[in-house]
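Everything on this sheet refers to the single structure shown next.
The values are calculated or read from the model by the stated rules, or taken from the named source; none is laboratory data. As the structure is a prediction and not an experimental result, all values here were calculated from the model. So basically every Cβ, Gly included, is an ideal-geometry build from the backbone, and we count neighbours across all protein chains shown.
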Amino acid sequence: MKYARILATALAVGLPTIAAEAQSMSPMRGEVNSFTDVFAVRVFPANPYDQKIKVEIHVYDQDFQPVNARIAPGTFQLAAQASRPVLVVVPFDGAAERKVRICTESIPFPNQQTQIRAQICGKFFGHRKF
Amino acid sequence: MKLFRTAFGAALLVACLDHAAMATTQNVIFNGTVTATCTLVVATNGTMTVSPDLQSLSSHNSGGSAGTVTLTTTGGVSLSVDPVTTTTAPAADSTATTWTPTYSTSGAHTIAETGAATALTIPGADLVSVHLAGTKGGSNRFASGNYQATVTLRCE
């Protein structure tokens, strides 16, 4: 319960009000202040297609190495023109600040010779406040 | 007395008119914020064909076609392609292939074909053409069978 309160405070402090419109992912930039050893970001992936798609959320560091973040949900189906919130909790791993990319990836259409994977990445900067 | 009534009536009328005029000049303020945004919609996947010397499997070759993606952005983002990591090849192909993904755009941003990241500073919509070329060196040749590769197009 205490953790949830701290997490909620970190979200409230770090992020402005976010509108969930029909975009691939919003926001694409953000700076979060946290009083714990993690920081949280809420992003809104959207499906701009006229058909249902499968979406995956991944978190990478500045060198595009995977970050062990908690993503809820990490993989899901998104209806045509729909959007939904995804909560990403990123550990500082002992650092005072951390830059990460949160990426929304669409799953390519199958059975094509050259498939294209569309990836929308937002850049987020977490500051740990002591 | 008649003069007094006329003056009083005129004063009352002026007061009412003045009050009505004040009620029509209120301002309603609207605020809005547009954050940096990018939307990618894959329109078509690409097709690669093999060259006569069997050392190139590319969307640039005759009969091949680029994949197309529509991009819409507010600006303040960058576009790039990742090195190809996911490929499938027929079992008969045991030699190394070098895969080179590239892209070009037309529309709000005109970008000549490149494999490097490009900043998109202004808002607008573009058609992105994504190409992929696989090459073999030396005496190596592409084998018969089905090839497939995935190109990641990133907007960040």
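When you look at A:C121, is it closer than 21 Å to B:V151 by Cα, within 12 Å of chain B (Cβ to nearest Cβ), in a strand (DSSP E or B) and in contact with a His (Cβ under 6 Å, 6 or more places away or on another chain), yes or no? So A:C121 does not fit the description; no. A Cβ distance below 9 Å, combined with a sequence gap of six or more or placement on separate chains, defines the contacts here; from segment B:132-153, residues that are buried (at least 21 other Cβ atoms within 10 Å of the Cβ) reach residues that are acidic (D, E) in the pairs B:F142/B:D93; B:V151/B:D82; B:T152/A:E105; B:T152/B:D82; B:L153/B:D82. Output the residues belonging to segment A:17-62 that are farther than 17 Å from A:C103 by Cα, in a loop (DSSP other than H, G, I, E, B) and at pLDDT 90 or above. A:F35, A:T36, A:D37, listed by residue number. Among the residues of segment A:75-110, those that are assigned to a strand (DSSP E or B), within 14 Å of another protein chain (Cβ to nearest Cβ) and under 11 Å from A:A46 (Cα atoms) comprise A:L78, A:S83, A:T104, A:E105, A:S106. When B:T33, B:T73, B:T24 are screened for being touching a His at 6+ places or on another chain (Cβ under 9 Å) and more than 20 Å from B:A133 (Cα to Cα), only B:T73 passes.
Total residues in segment B:109-156 satisfying the condition of being within 13 Å of B:S80 (Cβ to Cβ) and either within 14 Å of chain A (Cβ to nearest Cβ) or not in a strand (DSSP E or B) (or both): the figure is 13. For residues in segment B:48-70 being under 21 Å from the mean Cα position of the chain (by Cα) and of a type in the set (V, I, T), which is farthest from B:L132 (Cα to Cα)? My answer is B:T70. Residues that are free of Cβ contacts under 8 Å to residues at least 40 places away in the same chain, buried (at least 16 other Cβ atoms within 10 Å of the Cβ) and among the polar types (S, T, N, Q) within segment B:62-76 comprise just one, B:S65. Restrict the check to segment A:47-58 and report whether at least one residue is among the acidic types (D, E), within 14 Å of chain B (Cβ to nearest Cβ) and within 12 Å of the chain's Cα centre (by Cα). Yes, segment A:47-58 has at least one match. Of all residues in segment B:39-52, those satisfying the criterion of being touching a residue at least 24 places away in the same chain (Cβ under 8 Å) and farther than 30 Å from A:G122 by Cα are B:M48, B:V50.
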